[in-house]
């Protein structure tokens, strides 16, 4: 009986702790977007236009459940907010963090679409529990006045920009550490095919998927199992001679990494692997030292991922190549995660580790 009680207590505690897990990327806030936004029910693509006159729209607080303002309303709604950027960061490392949006969203900045999570009707798929992080090219953001518009579809119960995260425009300090940024569009498949590790493999029929982001947020809801990512990239000569580190952010749950047809890394290669144990692998940053002479001018990177439950894939950055000094910053985060992780501390306590 005591053992059963222990297991139940662990299960409840793990649920509570993982449900409140915060993002660990090092962000610097550029613009705070919490507060009152303009809002309208309905759906009209013209509402993405920055010059649209929304002065007759209601005000609604963000983050908040729109049911607090529109009881019982399900369907489409649009949010708009004008904001000012006074000092532009020097690099293309800007991202909008919009928290959880219930259920599906599409985001426009100054009239240009920067991202979408979930699938709109008629084949709608919810992504209500996914934190929205949308990177944006610096040329889209202008110094001075800007307009963000968020189109939302809610299929039932609470809806809208419901929160649980700090809302705003942020600068990604981790991404700034990269020598080569590999985030963005990758090729993706849930089927293993012969020759997929080769540079000349034809992946034209594969889907495109954004990295980093969970695959559930991009049309693969409830998919558990194996999947493969492919990315071609070029490397300048000076970086090939430095034997850089490959950083793949956080992966849920287990990964194998192939570079130019060779297995160069896997989850078990992480120093913290045995200490973190199987249940916590999704929290570890993947920081892999590449073998000498593995990089070429033109390269093919393939990442095999096995997801066992809940969200899956390469879901958090930074993603790319960096030098040893910068990689040590990310590796230190793994040590901090292990030492400070409440899940690890609790399990060690319960089982007297």
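If you go through the stretch 188-207 and keep only what is closer than 14 Å to residue 299 by Cβ and surrounded by 12 or more Cβ atoms within 10 Å (Cβ to Cβ), you end up with 197, 198, 199, 201. Going by what's in this entry, would residue 83 be described as surrounded by 11 or more Cβ atoms within 10 Å (Cβ to Cβ), closer than 21 Å to residue 158 by Cβ, assigned by TED's automatic domain parsing to the domain that holds residue 148 and at pLDDT 95 or above? The answer is no for residue 83. Any residue at all in the stretch 95-108 that is modelled with pLDDT of 90 or more, under 17 Å from residue 218 (Cα atoms), surrounded by fewer than 17 Cβ atoms within 10 Å (Cβ to Cβ) and touching a helix residue (DSSP H, G or I) at 6+ places or on another chain (Cβ under 9 Å)? No, the conditions are met nowhere in the stretch 95-108.
Residues in the stretch 35-68 that are assigned to a loop (DSSP other than H, G, I, E, B) and within 17 Å of residue 167 (Cβ to Cβ): 3 in all. Quick one: would you say residue 329 is closer than 15 Å to residue 249 by Cα, touching a residue at least 60 places away in the same chain (Cβ under 8 Å) and out of contact with any strand residue (DSSP E or B) (no Cβ under 6 Å at 6 or more places or on another chain)? It is true that residue 329 is closer than 15 Å to residue 249 by Cα, touching a residue at least 60 places away in the same chain (Cβ under 8 Å) and out of contact with any strand residue (DSSP E or B) (no Cβ under 6 Å at 6 or more places or on another chain). A single entry from 140, 148 fulfils the requirement of being buried (at least 21 other Cβ atoms within 10 Å of the Cβ), within 25 Å of residue 212 (Cβ to Cβ) and in contact with a strand residue (DSSP E or B) (Cβ under 9 Å, 6 or more places away or on another chain): 148. Looking only at residues of the stretch 308-326 that are within 24 Å of residue 201 (Cα to Cα) and under 17 Å from the mean Cα position of the chain (by Cα), we find that the one that is surrounded by the fewest Cβ atoms within 10 Å (Cβ to Cβ) is 320. Selection of the stretch 287-322 for residues being touching a strand residue (DSSP E or B) at 6+ places or on another chain (Cβ under 7 Å), within 13 Å of residue 244 (Cβ to Cβ) and assigned to a loop (DSSP other than H, G, I, E, B) yields 290, 291, 294. Can you pull out every residue in the stretch 255-286 that is under 15 Å from residue 302 (Cβ atoms), touching a strand residue (DSSP E or B) at 6+ places or on another chain (Cβ under 7 Å) and in a strand (DSSP E or B)? Residues satisfying the conditions are 255, 256, 257, 258, 259, 263, 264, 265, 266, 286. Within the stretch 209-222, is even one residue outside the structural domain of residue 117 (by TED's automatic domain parsing) and over 27 Å from residue 101 (Cβ atoms)? No, the conditions are met nowhere in the stretch 209-222.
Hey, could you check the stretch 226-244 for residues that are within 24 Å of residue 284 (Cα to Cα) and modelled with pLDDT of 95 or more and say which is surrounded by the fewest Cβ atoms within 10 Å (Cβ to Cβ)? The extreme case among them is 226. Would you say residue 271 is crowded, with 22+ Cβ neighbours inside 10 Å and touching a residue at least 60 places away in the same chain (Cβ under 8 Å)? Here the answer is no, as residue 271 does not meet what is asked. Do the conditions hold for residue 232, that is, is it under 30 Å from residue 82 (Cα atoms), part of a strand (DSSP E or B) and assigned by TED's automatic domain parsing to the domain that holds residue 324? For residue 232, the condition - under 30 Å from residue 82 (Cα atoms), part of a strand (DSSP E or B) and assigned by TED's automatic domain parsing to the domain that holds residue 324 - is not met.
The values are calculated or read from the model by the stated rules, or taken from the named source; none is laboratory data. Small disclaimer: the values here were computed from a predicted structure and weren't measured. Backbone-built Cβ (ideal geometry, glycine too); neighbour counts: all protein chains shown.
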